[in-house]
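What follows is calculated from the coordinates using simple rules that are stated; it is not laboratory data. The shown structure was predicted, so the numbers you read here are calculated from the model rather than taken from an experiment. Ideal geometry is used to build each Cβ from the backbone, glycine not excepted, and the neighbour counts take in all protein chains shown.
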Amino acid sequence: MSQCNSSLIQELTKLPSKFYASLDRAVESSKFWTQDNTDHSWLVRARQPQTEAAKRLQDYLRAFARDNNTNIIFYVESPIDVESGTYTLGPDHPANLSDWLFNANFGVSESSGRKKLTLDLMILADDYDISKLNVSRLINHVVSTIRHELVHYVQTKKQMSDRGERTMLSTFRKMKKDPRQVPTEDSPKYKNMETGEWLSGGQEHYYRDYLEAHIEVDAYAFEAAELLAKKFGKQGAIDILRRKINFDDPNLPTALTKYVPGLVGQKIQDALKKRIYSYIMDIENPSSLEEVSRSTCTNEKSSDILRKWIRSVITIT
Ligand SMILES: [Zn+2]
């Protein structure tokens, strides 16, 4: 049995039911996409850079956490990088025009021990055409990303109980120090530590190690299974997995298409597909998953994947 497979033979991650319909409703009813999401409303509020849209989504997620006795604090931020334009979504950006999140992470606060789930929302460029927005794709993108992060929360809790540790913070610190679980980009493996510059191929190497970490394979498989089953039904999703995957197909979730051949190894691809299959079979009530209307946006190219990297890296903040 290969090493990468043995690390994946583990029980499937289950999330409490409140993280489905109630969470979906909270995001949908926020209608955050109707609020300004450009630099015109960008402000630093309570030390957080936010547009009005980000603030609106954060308010609704916090109300959801309160109403459902969830001890996770949600943050939605709007980072700006004027020079690179990385966080500004417009026609020139490689991301799908309905996928507004750039990054997400789950962490445990070093100072308070509180669990934090942070979403980084891209701001919209002045030439962003809002008529091209597919609202149901945006909602699914947000809720499935949140559930991806919650998979990390459950993984951490499980490791805490398996090791008999008392706090999630101590478990988290150990996970962060384990490069097989959480590779850190500030490593001589990837960067010249004196100048901070990426080594030749270092960025790609880091991204591959991140995707191949078993906690990420698990979380992306969970995410891909949900999105595939929603869009194609259980049987349709399984048929897709049986065929050769078209990594340039914009109708497939990026949780699957970011695992491009050449970037990740064949063993990891096989392990990912197997796990997606298991998660699809585990979906109890596919009727509770609403069908997503077809996307009209086709600008996402897997070859541009490195510009969209580091989504969902676990961090302790
Ligand atoms: Zn992740």
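Each 10 Å bin from 0 upward holds the following percent of the Cα-Cα pairs of the chain: 6, 26, 37, 26, 5, 0. Highest GNM mean-square fluctuation among Ala224, Ala21, Ala95, for the chain modelled with Cα contacts below 10 Å: Ala21.
Please list 73-82, 97-106, 44-53 highest first by mean number of surrounding beta-carbon atoms within 10 Å per residue.
Values: 73-82: 18.0, 97-106: 22.6, 44-53: 16.2.
Per-residue mean Cβ counts within 10 Å order the peptides as 97-106, 73-82, 44-53.
Could I have the simple spin-label model distance between Gln10 and Asp59, label points 7 Å from Cα toward Cβ, reported in nm to one decimal? Calculated label separation equals 3.9 nm. Per-residue ellipticity at 222 nm, computed for the chain from helices alone with -39500 (n - 2.57) per DSSP H run of at least four residues, works out to -13500 deg cm²/dmol. Give me the net charge of Ser278's neighbourhood, meaning all other residues with Cβ under 14 Å from the Cβ of Ser278; Lys, Arg count +1, Asp, Glu -1. That works out to -2. Largest GNM mean-square fluctuation across Met175, Met281, Met193, computed for the chain with C-alpha springs under 10 Å, falls on Met193. Reported value for region 52-127: 110 Å³ per residue, from the convex hull of its C-alpha atoms. Lysine pair count for region 93-206 with Cα-Cα distance under 25 Å and sequence separation of 8 or more or different chains is 22. Look at the dipole of the chain built from charges on Cβ: of Leu150, Trp42, Pro79, the Cα furthest out on the positive end belongs to Leu150.
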